[in-house]
Structures are given as C-alpha cells and as structure tokens.
Amino acid sequence: MSTDQRAAPTWGADYIRTISPYVGGRPVADVAREVGIAEHEIVKLASNENPLGMSPKARLAAIDALLDATRYPDNDGYDLRHALAARLGVPAAWIVLGHGSSDILEMAARAVLAEGDACVYSQYGFLVYALAVQQAGARHVVVPAHDYGHDLPAMAAAIDASTRLVYVANPNNPTGTLASREAVEAFLHAVPEHVVVVLDEAYVEYLPEALRTDGMALLRRHPNLIVSRTFSKAYGLAGLRIGYAAAQPALAETLNRVRSAFNTSTVAQVAALAALDDAEFLRRTIDINDAGMGQLVAAFGELGIFHLRSHGNFILARMGDDEHAGARVNAALLRQGVIARPVGNYGLGAWLRISVGTSDENARCIAALRQALARA
Ligand SMILES: *Cc1c(COP(=O)(O)O)cnc(C)c1O
C-alpha cells in the first residue's frame, strides 16, 4: 500500500476531488517567521479586516460570554435575529444566521443546487461562489465582466431552465466595483422566479446612503432573493465568524434546513449583538476607511499605479503589465513586512488587492510599494 501523502485523494466524487481549497490572506505569524520581522512590525492588508480592531462593546460582551461556554449556543440565535430584524425593518423569521456570511453563501448552494444544475456568477466574482457551486456538483456559468464589474444584463441573459442560483456581490470583492441600484433592480426584475438570487452585501456599510440598493425593500418584492451580510468587515468580527441572510420566510426556512446545527457560537452571537449597537465605532470605521482610501489613491496617482475605483475597504491595483507582476511585487512587499493579497487565482495576476488600513499602515504599504516598484 502506498504511504505517499502527496498522492491525489481518491475519496469523494470527481467534482470534490478537483476542488482547490480556499486560500486566505497570509497569517501575520506565518510571514513574521518567514521574513524574520517581529509580528507587531508586520502590516496585514490582505483580508479586508477592520484596521480599528473590534468594537470595545463587542469585546466586552464576547469576554463575558467566554466566562462560561458550557452550554450549547441558542441554535435559533433569538436575540441577535430579533435585533437584526428590528434594525432592518423585517420580521425575525426572515433572518438566518451564518458562521460568517460564507456559510450563508454555501447554504444557498446546498439548499437549491442539485448535481447538474447551473449557477450563474460573474468573472472576478468572490471565490467562495465557485467553491460552493463545485461542492454541490453543479455547473458554473461564469459571465465575462464588463469593465471589471458584474455585467448584470449578460448575467440575466445567461439564465436558462437549468439555472437555480445566481450570486451577485455588490460591491464586489476583489474588484471593488459597484452595480447601481437601477441595474440591480432591473436585474431582479429580469430573473425568473425559479432562480434564487444571492445579493452579497459584505461591504454595504461602507457605501454612502445615496449609493445603496435598498435590499430590504427588494426582499419584499422578490421571494427568490437572499441578501447576505457579515460582521467580518465593518463590524470587525472576522475572527468570530458571524454573518446573516435576510429572505422571505419560505426561502429563509429552506436555508435553515441545510444550516449546520449550532453554526454560530454564543460568543459570536453576543459580540455581534453588541457591535450592532455601537454606532460610534461604525462611524469611526467608515471615516478611517474614507481617509485611508484617499491616502492610497493619492499615492497610487503619484506612483503611476493604475487602480480601480473601489466601494469597499480595499482597492485593486495593477502592479505591472505581465501576469506575474502581482506575485513579484507581493514578494517584495512581504520582505518589507507588508502583507497584501495576490489575486492570480481570480485571473488577475498583474494585480494586488490591498485592504485599507490605518494611516500608519497605509504609509508603510506605500513606502514598501515605492521601493518594490523602483527596483522592478
Ligand atoms: C469577506 C466577504 C464575505 C464574507 O466573509 P465572512 O467572513 O464569511 O462573512 C462575503 N462576500 C464577500 C464578497 C466578501 O468579500
């Protein structure tokens, strides 16, 4: 019998064997070890986390919950679901909690995709969509992007009788592009009712009111719509893994059928509840992001770095003309203790995605970029 650990796995269906597992941003400790820089000197701008950390209120609530984690969490997440419902102006039965919103994205796939069904999403769409589709043994229908953003009319046109699910990220990660309210409304209008649409609003908190699509009003008109959101980004709770979906009750119930038992911890639930109430922290988060985005954009202008206008807490910037420019500059940044996010796995090998940090972190990143590009 072979003991070769590198042999291709022989378990699972073909569509499972061919999955490339999700690759996240490099952990700080990992990079610190590799380049010999102290952990506190490392600047991580790789995973769109909140540079302010977490809300102090959420931290206290989480610590308090940790003092006794004997009991299973409330599998219904009663308090958090009711608080979210009150905030969003929908009934609590419309809210489903997820272990991060990635969990929601996967639940949607598990709930509605059978082997051979089709799922439509955009080129440069968030990678978790492709993984969720593949786990279900479903077919990927990847619609070419328009100017790096979702081509919603083409996505609607790509829907056929075998389509069961569509993912739309707005704003999208990694491109930061935003579809207008009108475009999203026209799209939903064009999608037949047998197709579930997941509107992934992981970055909605960063949008000024005037640019927001009113997801909750859309939910009332579209029984096939799921709006997913997360506490990982603006609320600063990425490490606790909590997000949610809002949908009409029939669809919310369908998600609940495939939801893992106790998928969100007590610590995550109470921290999210407290974070939801910390308007001041959210305000500071938006302010520091606006300022940091301005700082990065100004520096890119000065350094001649082409970038896309972003509506999130990150920015996609082109590091050169060849397919390896992103990886090359990324390596140079790592040597200087700056972790950015290569996006070659999105077919964007020339680019890097850089999260917006504090002004000091952004300055470190800009200095490292200046040096990396001067050498190139
Ligand atoms: C970060 C992100 C998510 C969700 O992350 P979770 O931590 O799982 O909540 C979902 N969609 C997009 C587009 C994202 O960038």
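The values are calculated or read from the model by the stated rules, or taken from the named source; none is laboratory data. All of these numbers come straight from a predicted model, not from anything done at the bench. Counting neighbours? That spans all protein chains shown, and the Cβs are built from the backbone with ideal geometry, glycine included. When the accessible area is computed, the model is the full protein with side chains, heavy atoms only, and any ligands, DNA or RNA have been set aside. Shrake-Rupley method; radii C 1.70, N 1.55, O 1.52, S 1.80 Å.
Remarks
- Packing-based order for 205-218, 356-369, 289-302, using average beta carbon neighbours within 10 Å, highest first: 356-369, 289-302, 205-218
- Rounded to 5, the percent of DSSP beta bridges in the chain classed as antiparallel: 50 percent
- Long-range Cα-Cα pairs in the chain (distance over 31 Å), rounded percent: 38 percent
- As a fraction of the 1.4 Å probe accessible area of segment 255-332, surface on carbon and sulfur atoms comes out at 56 percent.
- Euclidean distance of C-alpha centroids, segment 44-58 and segment 317-351, integer Å: 23 Å
- The chain, relative contact order in percent, only Cα pairs under 8 angstrom and at least six apart counted: 22 percent
- Averaged per residue, the chain has 45 square angstrom of accessible surface, using a 1.4 angstrom probe with ligands and nucleic acids left out.
- For ILE226, the residues whose modelled amide H falls within less than 5 Å of its own, excluding neighbours fewer than 5 places apart on the same chain, are VAL197, VAL198, LEU199.
- The tail of the calculated P(r) for segment 228-335, taken as Cα-Cα distances beyond 17 Å, holds 69 percent of the pairs.
- Centre separation in Å (Cα based) which lies between segment 266-294 and segment 182-226: 23 Å
- Ranked from largest, the principal axis spans of the Cα set of segment 70-276 equal 49, 39, 29 Å.
- Between amide H atoms placed 1.01 Å from N, distances below 5 Å from HIS146 occur with ASP151, all of them 5 or more places distant or on a separate chain.
- Over every Cα atom in segment 128-246, the radius of gyration and the widest Cα-Cα span, Dmax, amount to 14.1, 40 Å.
- Estimated from the Cβ-Cβ distance and a Förster radius of 22 angstrom, the FRET efficiency linking ARG284 and MET216 is about 0.30.
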